[in-house]
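Asker: Can you read through this structure? Questions will come right after.
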Amino acid sequence: MKNILLIHGAKDFGLSKGRLNSTLHDVAKDTLQSLGLHINETHIDKGYDIEVEVQKILDSDAIIYQMPGWWMGEPWIVKKYIDEVFNAGAGKLYANDGRSREDISKKYGSGGLSQNKKYMFSLTWNAPLEAFTDKEQFFEGVGVDGIYLHLHKAHQFLGMSALPTFICNDVIKNPQVQKYIKDYQAHLLKVFGA
């Protein structure tokens, strides 16, 4: 992987000012550039051109989303970005939904044109890790990727495959910013440094 698109999905909204996500976005940029990778960026809340974003995805080997967990998922600006950009990518990012009247072996979700691309989620949550992994706690043990199944499937519809998700927990109740930075750098080096 040589070309990485960093998508900054934080927004100054309510109590959140997006500072931790901005910090982690910058950590990714610096760490990946130190590996000799070419970085392209989009800060959703600063605006974007939909067709330019389609081209950025086409030019990328991997996409990294940096975003907070808001009300059990991605912020609305990230969903809006995906709705607009992926829809505009018809015929470029995906051909169709994959099904064929002539060949019933072709199943829904197999029409992606982006098979050589990867994606990764880097997330910040106030929920502790055990809220995701413990069957007796709030998310009933489905794990963070279970919470984001819809978002994984949106990218897989395009033909992309997932890289390991990174998550920072307890970001409001017990923030450990230096640990998050160190852990994220290690995650990025493990995923992209090989």
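Asker: Run down the aspartates and glutamates and flag those whose C-alpha is under 19 Å from the C-alpha of LYS107, throwing out any fewer than 8 positions away in its chain.
Answerer: Within the straight-line limit of under 19 Å, LYS107 reaches these aspartates and glutamates: ASP97.
Asker: Given the pairs LYS2/LYS46; LYS79/LYS173; LYS135/LYS173; LYS2/LYS190; LYS11/LYS80; LYS11/LYS79, which span a C-alpha to C-alpha distance of over 18 angstrom in this model?
Answerer: LYS2/LYS46; LYS79/LYS173; LYS135/LYS173
Asker: What are the semi-axes of the equivalent ellipsoid of the chain, taken as the square roots of 5 times the eigenvalues of the Cα gyration tensor, listed largest first and rounded to whole Å?
Answerer: Equivalent ellipsoid semi-axes, largest first: 28, 20, 16 Å.
Asker: Angle check, please: helix 19-34 long axis (alpha carbons) against the longest principal axis of the chain (alpha carbons), in degrees 0 to 90, nearest 10.
Answerer: The two axes meet at around 70 degrees.
Asker: Mind listing which trypsin sites (Lys or Arg not before Pro) in the stretch 13-81 are in a DSSP loop and have 16 or fewer other Cβ atoms within 10 Å?
Answerer: Within the stretch 13-81, the qualifying trypsin sites (Lys or Arg not before Pro) (loop, at most 16 other Cβ atoms within 10 Å) are LYS17.
Asker: Per DSSP helix of 4 or more residues, -39500 (n - 2.57); summed, then divided by the residues of the chain. What does that give at 222 nm, rounded to the nearest 500?
Answerer: Estimated from H runs of four or more residues: -11000 deg cm²/dmol.
Asker: Moving to a separate point now. Could you calculate the contour length gain from VAL177 to SER105, that is, 0.36 nm times the residue separation minus the distance between their Cα atoms, to one decimal place in nm?
Answerer: So the extension gain works out to 21.0 nm.
Asker: So, one more: How large, in percent, is the carbon and sulfur part of the accessible surface of the stretch 1-125 at a probe radius of 1.4 Å?
Answerer: Carbon and sulfur atoms account for 50 percent of the accessible area of the stretch 1-125.
Asker: Cα centroid distance between the stretch 32-58 and the stretch 151-176, in Å?
Answerer: Each part's Cα centre sits 18 Å from the other's.
Asker: Okay, next question. Suppose a student asked you for the relative contact order of the stretch 70-152, using Cα pairs under 8 Å spaced at least 6 residues apart; what percent would you report?
Answerer: Once normalised by length, the contact order is 18 percent.
Asker: Count charges around TYR180 for me, please; just the other residues with Cβ under 13 Å from its Cβ, Lys/Arg as +1, Asp/Glu as -1.
Answerer: Net local charge, TYR180 excluded: 0.
The values are calculated or read from the model by the stated rules, or taken from the named source; none is laboratory data. None of these values were measured; they are calculated from a predicted model. When we count neighbours, we look across all protein chains shown, and the Cβ atoms used for this are built from the backbone with ideal geometry, even at glycine. In case anyone asks, the SASA skips ligands and DNA or RNA and just uses the protein heavy atoms, side chains included. Shrake-Rupley method; radii C 1.70, N 1.55, O 1.52, S 1.80 Å.
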